[in-house]
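Beneath this line is the structure, given in structure tokens, with notes to follow.
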Amino acid sequence: MTKANNFQRIRELNYLQKAVLASALIERMLPNYGLFSEATGFGDETLLRNALNVCWEKILLPKSKIDLEKQVEKVEPNVPELADFDMFGTYPAIDAATSLLSLMHGLMAQDDKEFVSVSKISQATVARFIEYQMTVEGEIADNTAVREHPLMQYEIEVLAELIDFVESMGRITSESVKALKKFAIVDGQTNIGLAL
């Protein structure tokens with residue numbers, strides 16, 4: 001399945017479907033942040049985890065008095081600065097936190113473009129990781145090599161499967177969301193292939 005097909009399919013989803021898809025992708029990205037936080041002592045994964053849980057709740061109960069603004073204020077100081085860390089893990093950590101902020105801004109503004117950007121960020125994280133690995137191994141990381149890399153192929157497949165799952169959900173209930181969350185991490189790894 002080509003990348004364009006996935007993004008085209010995402011654009012055709014309705015607002016709530018896009019929101020749950022973005023949340024499911026963040027479930028796969030967030031542990032990258034946790035590993036970075038553990039390695040550096042920077043940031044609080046629990047705080048980001050709680051913010052993501054609040055987003056799931058807001059999606060399920062749109063009329064609830066959940067204060068996402070407050071969550072944004074908590075998450076923002078936990079986004080690492082690239083200049084402060086000399087390790088690759090900073091990138092996936094920034095991407096995970098940025099995706100979460102996109103999700104929250106999208107929910108606050110009811111702007112589903114923010115949700116679409118989460119899938120793009122996830123794929124960019126994978127591309128950057130592949131480029132990094134290939135460079136370390138002395139290989140040339142051109143677009144074709146990155147696109148054909150098994151990890152990128154897998155990211156595209158997982159995204160397609162998540163879209164299939166979201167399309168088949170019907171009504172978005174706490175049960176279907178629970179099933180989606182479980183499905184998102186059923187392979188036991190993050191979007192860059194690190195074990196959960």
Practice task
Output yes when any residue across the stretch 71-85 is of a type outside the set (Val, Ile, Thr), in contact with a His (Cβ under 9 Å, 6 or more places away or on another chain) and in a helix (DSSP H, G or I), and no when none is.
Solution key: no
Completion exercise
Cβ pairs under 7 Å, 6+ apart or interchain, first in the stretch 31-47 and closer than 16 Å to residue 100 by Cβ, second of a type in the set (D, E, K, R) and part of a helix (DSSP H, G or I), ordered by first then second residue, are 33/45; 34/45; 37/45; 47/74
Exercise for the section: Could you identify the single residue in 30, 68, 21, 48 that is open to solvent by less than 10 Å² (accessible area, probe 1.4 Å), closer than 30 Å to residue 167 by Cα, among the aliphatic types (A, V, I, L, M) and in contact with an Asp or Glu (Cβ under 8 Å, 6 or more places away or on another chain)? Expected result: 30
Practice task
Answer yes or no as to whether residue 125 is touching a residue at least 40 places away in the same chain (Cβ under 8 Å) and either farther than 21 Å from residue 5 by Cα or in contact with a Phe, Trp or Tyr (Cβ under 9 Å, 6 or more places away or on another chain) (or both).
Solution key: yes
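Hand me the list of helices (runs of 4 or more DSSP H) wholly inside the stretch 120-196 holding 2 or more residues that are over 18 Å from residue 52 (Cβ atoms) and more than 15 Å from the chain's Cα centre (by Cα).
Here the list reads 143-148, 150-168.
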Practice task
Please find, within the stretch 71-110, the residue that is farthest from residue 27 (Cα to Cα) out of those that are open to solvent by less than 10 Å² (accessible area, probe 1.4 Å), among the aliphatic types (A, V, I, L, M) and more than 12 Å from the chain's Cα centre (by Cα).
Solution key: 72
Exercise for the section: Considering each residue of the stretch 154-196, count those that are more than 15 Å from residue 125 (Cβ to Cβ) and either free of Cβ contacts under 8 Å to residues at least 40 places away in the same chain or open to solvent by 20 Å² or more (accessible area, probe 1.4 Å) (or both), and give that number. Expected result: 25
Handout entry: Identity of the residue in the stretch 111-149, among the hydroxyl-bearing types (Ser, Thr, Tyr) and surrounded by fewer than 21 Cβ atoms within 10 Å (Cβ to Cβ), that ends up farthest from residue 18 (Cα to Cα)
Key = 135
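The values are calculated or read from the model by the stated rules, or taken from the named source; none is laboratory data. For clarity, every value in this text was computed on a predicted model and none was experimentally measured. Quick reminder, even Gly has a Cβ in these numbers, built from the backbone with ideal geometry, and neighbours come from all protein chains shown. Ligands, DNA and RNA are stripped out before the accessible areas are found, and what is left, the full protein with its side chains, is counted by its heavy atoms. Shrake-Rupley method; radii C 1.70, N 1.55, O 1.52, S 1.80 Å.
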